[in-house]
Amino acid sequence: MPELARLWTIAWASGAIFADMDHCNDADDDIWKSDEGISQWISTADERERTRVGHRRLMADLLPFGYEDQFTFLDLGAGTGAAARAVLDRYPKAQAILSDYSLQMISEAHRELSDYKDRYTYVELDLASGNWRSEIPFDLGAVISSLCVHHLPHERKGLLFREIFAHLEPGGWYLNYDPVIAQDPEVQAAWLRAMDRRDPAAAEKRANRSPEEQRRYESHIRHMMPLAPQIELLGAAGFEAIDVFLKELDHVIYGGRRPMVGGPAV
């Protein structure tokens, strides 16, 4: 096992991370494409989302639009639409396109988005494939993703960033909210220490995972990577004005915009 992966497994074998798992597209079709798996995930969603409200609002506030502006944005790996709802609430004239690869999750999202029924469409999209649907235009004002991109291998992340770039209008923004791993074991230890102090039950959770919880956890972390290489991938895709807008322990919001002119072809 590579040293970084070994350190990650030792330092972050945490029940707190399992509780923070989002879905996106991964190898676990038996979880995210099953009624039982989605039902279990939904049953704990409110608890997870209470810790994310401020981060969702920050993503919305970072977008360069006025209150009355009309624009269309895409939410990748949207799940039940928590991130999209934050943007729709912030910009009453915005229109959303949500995407996910789980039909069960899409069905649940329609219930959660009932108050926004004239302001969104939902398309099926597997981020691992790169086969974007024709319903997704090439002149989006913004693209957002939340707790999703970390499920993709390194090479696929880079390709995805290029695909996002191609679907943005000039000046359009991309923002990603995701967990990362540390390159320094001392930093990882500090993260774990802080998380254990915030959640005194975390140590017991990770010591008493069921085999199914362990399987999900190992699937969840296998493609996580440090922050710096992801920022490099954004730059290589052509983005400018790249920044890490928020970092709290292992969670970050980073992104950039497509230049007004130019940029690499996908």
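The values are calculated or read from the model by the stated rules, or taken from the named source; none is laboratory data. The structure displayed is predicted, hence computed values, not measured ones. Cβ coordinates were reconstructed from backbone atoms using ideal geometry, including for glycine residues, and neighbour counts include every protein chain displayed.
If you go through the range 69-85 and pick out every residue that is surrounded by fewer than 23 Cβ atoms within 10 Å (Cβ to Cβ) and of a type in the set (A, V, I, L, M), you end up with 1. In the range 64-87, which residue that is at pLDDT below 95 and of a type outside the set (S, T, N, Q) is farthest from Gly130 (Cα to Cα)? Checking each candidate, the answer is Ala82.
Here the condition is being more than 21 Å from Leu234 (Cα to Cα), loosely packed, with under 15 Cβ neighbours inside 10 Å and not small (Gly, Ala, Ser); of Glu124, Glu112, it holds for Glu124 alone.
Counting only helices (runs of 4 or more DSSP H) wholly contained in the range 160-266, the ones carrying 3 or more residues that are modelled with pLDDT of 95 or more occupy 185-198, 227-237.
I'm checking my understanding of the structure. Among residues of the range 95-132 that are touching a residue at least 40 places away in the same chain (Cβ under 8 Å), assigned to a loop (DSSP other than H, G, I, E, B) and in contact with a helix residue (DSSP H, G or I) (Cβ under 8 Å, 6 or more places away or on another chain), which one is farthest from Val143 (Cα to Cα)? Only one residue tops the list, namely Ser102. In summary, Asp69 fulfils each of the numbered conditions (1) closer than 22 Å to Arg156 by Cα; (2) of a type outside the set (Phe, Trp, Tyr); (3) assigned to a loop (DSSP other than H, G, I, E, B) with the single exception of condition (1). Condition (residue is more than 20 Å from Leu152 (Cβ to Cβ) and out of contact with any strand residue (DSSP E or B) (no Cβ under 6 Å at 6 or more places or on another chain)) applied to the range 249-258: is it met by at least one residue? Among the residues of the range 249-258, at least one is more than 20 Å from Leu152 (Cβ to Cβ) and out of contact with any strand residue (DSSP E or B) (no Cβ under 6 Å at 6 or more places or on another chain), which makes the answer yes. Counting the residues of the range 163-181 that are out of contact with any strand residue (DSSP E or B) (no Cβ under 7 Å at 6 or more places or on another chain) and either free of Cβ contacts under 8 Å to residues at least 12 places away in the same chain or closer than 12 Å to Ser145 by Cβ (or both) gives 1.
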